[in-house]
1. Picking from LEU242, LEU253, LEU220, which residue would you name as being part of a helix (DSSP H, G or I), buried (at least 22 other Cβ atoms within 10 Å of the Cβ) and in contact with a helix residue (DSSP H, G or I) (Cβ under 7 Å, 6 or more places away or on another chain)?
2. Looking at GLU58, GLU65, can you tell me which residue is surrounded by fewer than 24 Cβ atoms within 10 Å (Cβ to Cβ), more than 23 Å from LYS157 (Cβ to Cβ) and touching a strand residue (DSSP E or B) at 6+ places or on another chain (Cβ under 8 Å)?
3. Among the acidic types (Asp, Glu), modelled with pLDDT of 95 or more and farther than 22 Å from ALA94 by Cβ - does that describe any residue in segment 128-144?
4. Restricting the search to segment 145-160, which residues are part of a loop (DSSP other than H, G, I, E, B) and either closer than 18 Å to ILE198 by Cα or touching a strand residue (DSSP E or B) at 6+ places or on another chain (Cβ under 6 Å) (or both)?
5. All but one of (1) surrounded by fewer than 17 Cβ atoms within 10 Å (Cβ to Cβ); (2) closer than 30 Å to PHE235 by Cβ; (3) among the acidic types (Asp, Glu) hold for GLU175; state the number of the condition that does not hold.
6. Enumerate the pairs (first residue in segment 26-45 and in contact (Cβ under 8 Å) with a residue 12 or more places away in the chain and closer than 19 Å to ALA131 by Cα; second residue anywhere and β-branched (Val, Ile, Thr) and assigned to a loop (DSSP other than H, G, I, E, B)) with beta-carbon separation below 7 Å, excluding pairs fewer than 6 apart on the same chain, so at least 6 apart or on different chains.
7. Given the conditions (1) loosely packed, with under 15 Cβ neighbours inside 10 Å; (2) modelled with pLDDT of 95 or more, report the number of the one that VAL107 does not fulfil.
8. So which of ALA96, ALA75 is at pLDDT 95 or above, in a loop (DSSP other than H, G, I, E, B) and either under 17 Å from the mean Cα position of the chain (by Cα) or not hydrophobic (A, V, I, L, M, F, W, C) (or both)?
Amino acid sequence: MAAGVLSFPLTPFTEGGELAPDAFRTYLRTQLAADPAAVFVACGTGEFFSLTLDEYAEVVRIAVEETAHRVPVIAGVGYGWAIAAQYAARAEEAGADGALLLPHYLVKAPVDGLVEQVRKVAEATSLPLIAYQRDYVTFTAASVAQLAKIPGVIGLKDGHGDLDQLQRLKLAAPEDFLFFNGVATAEMQARAYSAIGIPAYSSAVHAFAPEISKAFFTALHAGDQSRVDELLRHFYQPFVELRDHRPGYAVSLVKAAARLRDLPVGPVRAPLTDPTPEELTTLKALLATGLDLV
């Protein structure tokens with residue numbers, strides 16, 4: 001999965017807020033045409049938090065059918081460990097290749113409890129499991145060493161961006177333990193992550209402009225620093241500044257950009273909100289700039 005961009009597809013809804021399975025198939029084909037290294041379905045960008053269990057199972061099943069085992073399908077699971085285990089069971093039934101354990105809901109917990117949460121989910125599924133640290137979840141070096149010993153736990157996705165601490169986690173883990181850059185708009189920190197041995201990252205931009213995402217990944221791994229700077233300066237940094245206008249825009253803005261490209265993704269579900277008309281005008285111009293660059 002470190003050999004290419006990781007796709008985190010959006011989940012399409014109708015204007016009335018219903019799941020749109022046919023639209024998801026159409027949209028997912030555009031993602032797969034860009035040859036991502038893996039598809040992480042029904043995760044944060046895919047609005048996992050607003051899907052029913054049946055909707056979730058359908059989304060995972062469609063992703064498995066459309067990828068046809070050409071790339072791994074990793075399904076998001078989350079909430080408390082008991083509910084996460086139910087989602088993992090449905091993902092396993094649908095044919096997923098692995099699961100990403102999203103941060104739990106609401107409460108802060110001590111690190112030994114966080115490790116036990118991962119252990120409980122891992123014991124409930126045969127799917128390889130990747131833990132995700134962000135928000136309420138922060139692992140220590142000692143706890144990552146514990147995670148790596150849990151059967152079925154294969155890696156950690158980081159959403160904090162604390163590279164000093166992340167380097168400590170990486171040194172505490174075995175060499176075959178996977179690490180992923182999972183900060184919002186991960187390209188902004190991709191160089192820094194790569195410098196400490198973590199080249200793989202999730203790309204929300206891939207969800208609406210795989211051409212831009214792939215051009216950045218290619219330049220980064222070719223060591224073309226001037227090209228990386230160009231894309232960061234003229235596209236990614238302005239995109240992040242627009243993303244930071246309101247909470248939830250890490251998803252809402254991505255979905256709006258996909259609609260600007262006539263991708264059939266529909267609106268976001270509450271509690272997320274769609275961008276304002278003024279923000280959409282800015283986003284449209286920024287998208288045009290990014291596409292011109294590549």
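1. LEU253
2. Just one listed residue meets the conditions, GLU58.
3. Scanning segment 128-144, I find no residue that is among the acidic types (Asp, Glu), modelled with pLDDT of 95 or more and farther than 22 Å from ALA94 by Cβ, so the answer is no.
4. ALA148, GLY152, GLY159, HIS160
5. Every listed condition holds for GLU175 apart from (2).
6. These pairs meet every condition: ALA37/VAL5; ALA37/VAL71; ALA38/VAL71; VAL39/VAL71; ALA42/THR11.
7. Going through the list (1) loosely packed, with under 15 Cβ neighbours inside 10 Å; (2) modelled with pLDDT of 95 or more, VAL107 breaks only (2).
8. On the way: ALA75 fails: in a loop (DSSP other than H, G, I, E, B).
The unique qualifying residue is ALA96.
The values are calculated or read from the model by the stated rules, or taken from the named source; none is laboratory data. Owing to the predicted nature of the structure, the values given are computational and were not obtained by experimental measurement. Virtual Cβ from ideal backbone geometry, glycine too; neighbours counted across all protein chains shown.
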